[in-house]
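Structure record follows, encoded as structure tokens.
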Protein chains: 2
Amino acid sequence: MGDVEYLKRAVELSRQKMRAGEGGPFAAVIVKDGRIVGEGWNRVTNGNDPTAHAEVVAIRDACERLGTFTLEGAVMYSSCEPCPMCLAAIYWARISRLYFANTTADAAAIGFDDAFLYAELALPADERALPCEQLDVEEAHSVFAEWASMPDRIDY
Amino acid sequence: MGDVEYLKRAVELSRQKMRAGEGGPFAAVIVKDGRIVGEGWNRVTNGNDPTAHAEVVAIRDACERLGTFTLEGAVMYSSCEPCPMCLAAIYWARISRLYFANTTADAAAIGFDDAFLYAELALPADERALPCEQLDVEEAHSVFAEWASMPDRIDY
């Protein structure tokens, strides 16, 4: 299968799961070494999980199947351009390449305003719509210091 | 309990779970109507899930406990300033307020470079480190059109 075929698989999955009432019309497929290692679709409303966007679910699926927390060398095919949560998740998962079909403009046209989120994240914390405050907790510093000095810690 | 006490609870949880080998030194607590409705801690390495940051896990926990996909009116207390994935998740969950202890600068000092991610997300797609390509798939448009015309869809 080529890139277009994998992307069409993601789109077909988005149609099936949308019709099944799982959530929004989004799905994603992850491919590594020439085979599908993860699939996901939006399960926000049916799964009661606002973090269950297609890309996040696909990453969890691939990592569980492969028994790893890093997907270096893997390619994601998403039926739509990722929101900032999903894009950051793609970076954290070390996915190497991304293809998508619908754009954020297409998503905005049917009511998914990811552009607002991208704009919010680019603002300084004190200018965002979300009220946010830093409180000084001395113990928080000691936890970080302990992490930095742990000889057997697993970095990620 | 007041804001500082809830935040200290999150910090204490981060210490316990870090020592238990669950993952990075991060935890979060979600409070609604005066009680803790969700807790989470970093489980990236132990859980083989790069999306299992403290805030995301806490949101999933609260939504599961409350049987909902929206946490409007809830407050999050995080042991550290959220990364972009977690901050966007907080917006998607409609959490109303955020308190945190350690800052992204503190996190960077022990090797967690969230600033790189914030910078990447603020760039146009074609200037990001992640190779990314839009491919036109006609079926993708028809899925979005079908969503827009579904009378029984659940918006989120």
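The values are calculated or read from the model by the stated rules, or taken from the named source; none is laboratory data. These numbers were taken from a predicted model, which means no experiment stands behind them. Neighbour counts run over all protein chains shown; Cβ positions are idealised from the backbone, glycine included. Just the protein is used for accessible areas: all its heavy atoms, side chains included, with ligands, DNA and RNA removed. Shrake-Rupley method; radii C 1.70, N 1.55, O 1.52, S 1.80 Å.
Restricting attention to region B:31-43, the residues being surrounded by fewer than 24 Cβ atoms within 10 Å (Cβ to Cβ) and in a loop (DSSP other than H, G, I, E, B) number 3.
Residues in region A:118-126 include at least one that is more than 7 Å from every other protein chain (Cβ to nearest Cβ), touching a strand residue (DSSP E or B) at 6+ places or on another chain (Cβ under 7 Å) and either surrounded by fewer than 16 Cβ atoms within 10 Å (Cβ to Cβ) or over 21 Å from B:ALA129 (Cβ atoms) (or both). Per the conditions (1) at pLDDT below 95; (2) more than 15 Å from the chain's Cα centre (by Cα), the sole criterion not satisfied by B:THR104 is (2). When we screen B:ALA28, B:ALA58, B:ALA62 for residues that are open to solvent by less than 40 Å² (accessible area, probe 1.4 Å), small (Gly, Ala, Ser) and in a strand (DSSP E or B), the only hit is B:ALA28. Among the residues making up region B:93-109, those that are facing chain A (nearest Cβ under 7 Å), of a type outside the set (Ser, Thr, Tyr) and touching a residue at least 40 places away in the same chain (Cβ under 8 Å) are B:PHE100, B:ALA101.
Total residues in region B:71-115 satisfying the condition of being part of a loop (DSSP other than H, G, I, E, B) and surrounded by fewer than 20 Cβ atoms within 10 Å (Cβ to Cβ): the figure is 8.
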